[in-house]
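Working notes, structure below.
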Amino acid sequence: MRELHRALVALTVGLLALALAACGGGSDEEGAFTGTRLKNPYQAPDTALTDTAGRPFSLASDTDKPLTLVFFGYTNCPDFCPMVLNNIAASLNRLDDGEREQVDVVLVTTDPARDDEKALRTYLDRFNKDFIGLTGDLGTIIDVGEPLAVYVNDGKKLPTGGYDLGGHSTFTLAIDEDDEAVVLWNQETSAAEFAADLHTLLTED
């Protein structure tokens with residue numbers, strides 16, 4: 001049953017990627033909203049993972065700010081993960097203090113075998129010391145990702161000592177105060193585009 005569920009999640013992610021490609025990652029229209037607003041928001045799961053201080057943290061019950069940006073990635077990711085996290089960090093610097101305080105950022109590791117609390121904290125501090133890192137056993141991380149249409153692969157250890165994670169979802173989700181993922185951005189969203197969208201989301205009625 002789990003394999004069927006994973007296949008459906010992977011199919012959903014694939015269709016989502018096609019939709020994003022059709023819409024384009026950004027817009028030439030000045031002031032246009034770059035992200036994709038979800039007509040049928042995903043419900044954030046209440047399943048708890050572990051933050052970098054060793055405390056339980058749920059994407060539903062512990063995301064209390066108006067917006068929580070959630071990205072699934074890992075510290076040994078060579079390309080998209082550092083690019084996305086750097087763009088998010090830079091986007092927060094473009095917001096005023098009041099807006100910045102209304103946004104949390106969460107990285108959920110897809111490589112918990114290597115990403116313990118200490119490794120996550122060291123990694124995230126390179127981008128922003130306020131970023132939240134979550135780890136746990138891989139099965140629980142997969143369960144957390146499924147209701148958010150996030151594909152997490154249970155990677156295999158390679159003879160070299162590394163891991164083949166077989167790819168993972170590279171979009172960023174925004175969870176609102178109702179514990180719903182209402183917007184997503186693809187991995188090519190720039191800092192300026194993130195900042196403009198966050199400003200819009202925090203100031204619209």
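Every read-out reported here was derived from the displayed coordinates using simple, explicitly stated rules and does not represent laboratory data. Predicted model, so just to flag it, every value in this text is computed and none were measured.
The spacing between the stretch 70-113 and the stretch 49-67, judged by their C-alpha centroids, is 15 Å.
Annotation: amide H-H contacts under 5 Å for L67 (H modelled 1.01 Å from N, sequence separation of 5 or more, or interchain): D104.
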